[in-house]
Amino acid sequence: MCELDRFTGCSIVGVAVLIAIGLSWAQMEERKKWTTLDWLQQLNYSHELHNVTSGDGYQLQLQRLPRLGARPVLLVHGLMGSSLGWLCLGPAKSLGKQLSSIYSHLSQCICAAAFQLHQRNYDVWLANLRGSSPYGRQHVELTDVMADFWRYSFHEHGAYDLPAIIDHIVALTQREAAEQLNETRAHQVLLIGHSQAFNAFLVLCALQPRFNQHIQLMQGLAPLARLHRQVRFDAAHVRAIMKFVKPSSELELA
């Protein structure tokens with residue numbers, strides 16, 4: 001009888017563990033689909049949405065973790081990224097934690113930076129450059145299934161996207177500072193850019209020097225300054241790969 005009770009108890013525990021694992025796995029799978037707004041809403045984190053239009057018609061959404069009167073800091077993602085990359089580890093994974101490896105330290109510096117900077121009393125702005133999903137996929141005339149929508153590089157990020165974003169931040173924070181009689185130099189922004197964002201920053205300052213006075217500091221994470229030995233992909237090779245990929249749009253390779 002005791003053996004039977006022990007077997008029954010172990011079975012119940014085993015079933016409970018399997019259910020817990022299943023629920024955790026389902027939650028993990030669901031979180032993979034979360035967008036920036038999903039994360040902020042699930043965490044009940046105060047946030048604002050701001051829409052700007054670049055000089056050539058791309059409609060970009062910014063997310064803000066507001067702290068009125070504080071120094072504004074703009075986080076700009078890299079290639080194939082979005083604002084989600086700055087907060088996907090959640091607020092518990094902060095920059096100040098003692099980490100066991102360099103890799104963990106670097107990943108948390110990027111993937112929790114938005115929360116950590118906000119906790120350290122910065123007014124945090126999250127950029128979404130053209131092409132980022134889903135917040136950089138709108139245009140006043142084009143759609144993201146049209147080839148012309150995708151005819152750009154980091155040059156356009158710096159020539160059009162960053163100017164529109166920074167002008168919006170500076171204008172808004174200056175107005176807020178004036179309303180609060182705050183002495184903070186709201187006309188200056190701290191800029192943190194990952195990888196390709198550094199290229200866009202160089203383009204910005206080269207083409208529009210007036211922005212040098214609006215950027216107090218640029219911190220490049222894994223910065224890339226030039227493409228000395230750029231790899232050129234043969235379109236024929238890309239077409240060969242695309243044969244094995246289910247098409248999701250009407251895009252055609254030029």
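Annotations for the structure displayed:
- Within region 134-145, the residues that satisfy the criterion of being touching a residue at least 12 places away in the same chain (Cβ under 8 Å) and farther than 16 Å from ASN51 by Cβ are GLU141, LEU142, ASP144, VAL145.
- Of the helices (runs of 4 or more DSSP H) entirely within region 149-254, those holding at least 1 residues that are modelled with pLDDT of 90 or more, over 26 Å from ASP123 (Cα atoms) and in the same structural domain as GLY131 (by TED's automatic domain parsing) occupy 196-207.
- Tallying residues that are within 15 Å of PRO66 (Cα to Cα) and aliphatic (A, V, I, L, M) within region 172-209 yields 5.
- Scanning region 134-148 for residues that are in contact with an Asp or Glu (Cβ under 9 Å, 6 or more places away or on another chain), assigned to a loop (DSSP other than H, G, I, E, B) and within 23 Å of LEU84 (Cα to Cα) gives GLY136, ARG137, VAL145.
- Test: residue in region 184-196 that is among the hydrophobic types (A, V, I, L, M, F, W, C) and loosely packed, with under 13 Cβ neighbours inside 10 Å: no
- Flag for VAL52 being outside any loop (DSSP other than H, G, I, E, B), within 23 Å of PRO223 (Cα to Cα) and among the β-branched types (Val, Ile, Thr): no
- Residue within region 80-98 that is of a type outside the set (S, T, N, Q), outside any helix (DSSP H, G or I), at pLDDT below 95 and under 21 Å from SER153 (Cβ atoms) present: yes
- Some residue of region 137-147 being crowded, with 22+ Cβ neighbours inside 10 Å and either at pLDDT below 90 or touching a strand residue (DSSP E or B) at 6+ places or on another chain (Cβ under 8 Å) (or both): no
- With respect to (1) closer than 24 Å to GLN219 by Cα; (2) modelled with pLDDT under 90; (3) basic (Lys, Arg), the lone exception for LYS32 is condition (1).
- Residue in region 145-156 that is more than 28 Å from PRO223 (Cβ to Cβ) and of a type in the set (D, E, K, R) present: yes
The values are calculated or read from the model by the stated rules, or taken from the named source; none is laboratory data. The shown structure was predicted, so the numbers you read here are calculated from the model rather than taken from an experiment. Cβ: placed from backbone, ideal geometry, glycine included. Neighbour counts: every protein chain shown.
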